[in-house]
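Colleague: Below you will find the structure I want to go over with you.
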Amino acid sequence: MAALPRLRQQLGDRSFSTWIEPIRCTKEESGFRLEVGSRFVQEWVTRHYLASIRDHLAGVSGAMPTVRLVVTPHLAPTARTPELPPPPPRLTPPVRRPKLNRLVPEYTFDNFVVGASNEVAYRAARSLGDVSGPQFNPLFLCGGVGLGKTHLVNAVAHELLRRPARRRTACLPAEAFMNTLISALRQDQMNAFRDRFRQVDVLILDDVHFLAGKERTQEEFFHTFNALHANGKQVVLTSDKPPHAIADLEQRLRSRFEGGLIADIHPPTPEMRVAILIKKAARQGTELPETVARTIAQRSGATVRELEGALTRVLAASTLRNATLDPEFAERVLLPLSPPPVIVAVEAIQEAVSRHFHLSVADLKSYSRERNVTYARQVAMYLSRTLADSSFPTIAEKFGGRDHSTVIHAVRALEQKLDEDPSTGSLLTALEHELRSPSGA
Ligand code: ADP
Ligand code: MG
């Protein structure tokens with residue numbers, strides 16, 4: 001297949017070397033026989049590349065050829081290496097067995113919405129349970145935060161553990177791998193650690209970008225990876241960036257990461273966003289009308305995690321307020337929580353308060369101890385603190401250059417009145433309203 005340079009040009013290097021190059025092509029009487037390593041590849045190539053392949057082969061053979069695409073499992077580049085000696089029998093059982101699977105029960109394939117943005121990753125993940133064995137090793141899932149990497153690899157693990165022919169599976173975050181390694185090192189149990197991770201059929205390490213700069217962990221993982229790979233065991237990795245963009249990653253590990261299929265996960269398309277919302281709501285027992293789903297989808301951030309956050313807010317608000325779930329309601333809930341705070345100047349407060357008490361601003365600033373004046377001053381100082389968000393010294397300065405401790409005292413005194421006397425509460429509410437309303441008073 002490498003003899004199709006124009007096809008390479010058309011598809012780009014990465015797709016060509018991933019999908020086309022590994023195909024074994026034989027000339028048959030009436031056309032060509034193409035061999036691929038698994039059903040997954042067969043389907044994928046048929047759907048996406050077969051027409052182009054046929055066109056290019058027609059160019060080579062001069063006539064429109066018949067092209068047969070068949071599965072030959074042992075074509076897989078990770079085909080077992082039969083000359084490998086069997087592992088030596090173990091005499092002592094491992095002292096301590098590190099926990100291998102940390103799975104979220106809801107992260108299943110059933111709960112995963114598939115669409116244009118994640119299809120390659122999904123289909124590749126699904127194919128890992130395929131009897132015809134691994135084709136891409138490692139499978140490297142790459143996508144931004146909150147786009148479903150952890151969900152997808154958990155789904156793989158659930159699937160592998162559920163089947164009758166359970167495959168020994170380890171699925172854990174790279175960070176947990178490191179922590180397990182550290183405690184094995186501390187407790188002098190490295191043999192147990194190595195056995196544990198090298199005896200699995202499938203090793204899934206989530207968030208390998210975490211390994212950046214962790215040299216000791218990288219080194220240990222490199223050996224684990226090689227041991228598994230050499231035995232035809234599957235490795236699945238996820239990362240928020242492609243291997244070449246992970247800083248401080250040893251070159252040898254990087255080239256291992258790049259040695260299989262790198263499948264990108266992109267932010268979901270608008271239709272997927274709606275489907276995800278409906279599915280998530282259904283899991284919580286709510287039938288989400290599509291119109292509402294569309295509103296939420298339009299109003300929330302790009303990642304699935306943000307979508308979920310928006311959905312949770314809308315569902316919680318509708319339960320709390322016992323409101324009908326309609327687009328207008330969703331819209332209202334998702335509007336910025338409160339309008340931007342109106343900044344009120346201390347001077348405006350002084351004016352409003354003095355007007356209310358039929359005093360002058362100078363009275364408020366004075367040192368008069370007349371009861372009415374003292375009360376009005378306390379109210380004005382309290383509002384300067386809460387509405388103008390001014391500091392005690394600033395307020396003190398603006399009330400005739402007092403000591404700031406008098407302001408503290410005044411604010412405390414008013415808070416106490418607030419507790420004891422309902423009329424103070426309604427007075428403050430009225431003044432706040434007046435001061436906050438944009439038209440002013
Ligand atoms: P990542 O590991 O990429 O940061 P997660 O797998 O933790 O992202 O996904 C974040 C949330 O979004 C999870 O609750 C997950 O169930 C959900 N999610 C992501 N993609 C999908 C999808 N395609 N279908 C359904 N839920 C999804
Ligand atoms: Mg994750």
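The values are calculated or read from the model by the stated rules, or taken from the named source; none is laboratory data. What you see is a predicted model; the values in this text were computed from it and never measured. FYI the Cβ positions are ideal-geometry reconstructions off the backbone, even for glycines, and counts take in every protein chain you see. Heavy atoms of the whole protein, side chains included, go into the accessibility calculation; ligands, DNA and RNA do not. Shrake-Rupley method; radii C 1.70, N 1.55, O 1.52, S 1.80 Å.
Colleague: Go through Pro73, Pro242, Ala155 and say which Cα lies farthest out towards the positive end of the charge dipole of the chain; charges sit on Cβ, +1 for Lys and Arg, -1 for Asp and Glu.
Modeller: Value: Pro73.
Colleague: Here is a follow-up. Would you mind checking the tilt of helix 346-356 against the longest principal axis of the Cα atoms of the chain, expressed as 0 to 90 degrees and rounded to 10?
Modeller: Around 50 degrees separate the two axes.
Colleague: Another question, then. From the C-alpha coordinates alone, can you work out the Kirkwood hydrodynamic radius of region 211-309, in Å?
Modeller: Value: 16.5 Å, from the Cα pair sum.
Colleague: While we're looking at this one, here's another question. Using only the alpha carbons of region 148-253, what is the convex hull's orientation-averaged projected area in square nanometres?
Modeller: The number I arrive at for region 148-253 is 6.7 nm².
Colleague: Related question: How large are Rg and Dmax for the chain when only the alpha carbon atoms are used, in Å?
Modeller: Just the Cα atoms of the chain yield Rg and Dmax of 33.5, 112 Å.
Colleague: Taking the Cα atoms only, what angle lies between the long axis of helix 404-420 and the longest principal axis of the chain, rounded to 10 degrees?
Modeller: Once rounded, the angle reads 90 degrees.
Colleague: Leaving out ligands, DNA and RNA, what percent of the accessible area of region 191-326 is carbon and sulfur, probe 1.4 Å?
Modeller: For region 191-326, the apolar C and S fraction of the accessible surface comes to 48 percent.
Colleague: Could you report the chain's accessible area per residue, 1.4 Å probe, as an integer in Å²?
Modeller: Accessible area per residue: 52 Å².
Colleague: From the phi angles alone, apply the Karplus equation (6.51, -1.76, 1.60; θ = phi - 60°) to region 32-47 and give each ³J(HN,Hα) in whole Hz, x where the residue is Gly or Pro.
Modeller: Calculated HN-Hα couplings, in order: 10, 10, 10, 10, 10, x, 7, 4, 4, 5, 4, 4, 5, 5, 4, 5 Hz.
Colleague: I'd like the orientation of helix 215-230 relative to the chain: the angle between its Cα long axis and the longest Cα principal axis, in ° from 0 to 90, rounded to 10.
Modeller: Relative to the chain, helix 215-230 is tipped by roughly 30 degrees.
Colleague: Dipole size in debye (nearest 20) for the chain around its Cα centre, Lys and Arg Cβ +1, Asp and Glu Cβ -1?
Modeller: In debye, rounded to 20, the chain gives about 1520.
Colleague: Suppose we keep just the alpha-carbon trace of region 287-441; what are its Rg and Dmax in angstrom?
Modeller: Rg and Dmax of region 287-441, Cα atoms, are 21.9, 65 Å.
Colleague: If you don't mind, another one. Pairs of Cα atoms under 8 Å, at least six residues apart: use those to get the relative contact order of the chain, whole percent.
Modeller: 12 percent
Colleague: Give me the Kirkwood hydrodynamic radius of region 1-78, using the inverse of the mean 1/r over all pairs of distinct Cα atoms, in Å to one decimal.
Modeller: Result for region 1-78 stands at 12.5 Å.
Colleague: Let me ask you something else. Give me the percent of accessible area attributable to carbon and sulfur for region 347-441, probe 1.4 angstrom.
Modeller: 51 percent
Colleague: Now, a different point. Just want to confirm a number: the relative contact order over region 153-243, from Cα pairs under 8 angstrom separated by 6+ residues, in percent.
Modeller: 31 percent
Colleague: Take the Cα coordinates of region 200-258, assign each an equal point scatterer, and use the Debye formula without solvent to give log10 I(q)/I(0) at q = 0.18, 0.28 Å⁻¹.
Modeller: -0.56, -1.32
Colleague: How big is region 339-426 along each principal axis, measuring the range of its Cα positions in Å and listing the largest first?
Modeller: Its Cα atoms span 38, 31, 25 Å along the three principal axes.
Colleague: Could you give the size of the charge dipole of region 216-306 about its Cα centre, using +1 on the Cβ of each K and R and -1 on the Cβ of each D and E, expressed in debye and rounded to the nearest 20?
Modeller: Charge dipole of region 216-306: 200 debye, to the nearest 20.
Colleague: Mind checking which lysines have their Cα closer than 21 Å to the Cα of Lys280? Skip sequence neighbours fewer than 8 apart in that chain.
Modeller: Of all the lysines, those that pass the test against Lys280 - Cα under 21 Å, at least 8 places apart if same chain - are Lys149.
Colleague: What does DSSP give for the chain in terms of the percent of beta bridges that are antiparallel, rounded to the nearest 5?
Modeller: 15 percent
Colleague: Which value, in debye to the nearest 20, gives the size of the charge dipole of region 279-405 about its Cα centre, when Lys and Arg are +1 and Asp and Glu are -1 at the Cβ?
Modeller: Dipole magnitude for region 279-405 comes out near 260 debye.
Colleague: At each listed q (0.13, 0.26, 0.28 Å⁻¹), what is the log10 of I(q)/I(0) that the Debye formula gives for region 108-172 modelled as equal alpha-carbon point scatterers?
Modeller: So the normalised log intensities are -0.34, -1.34, -1.50.
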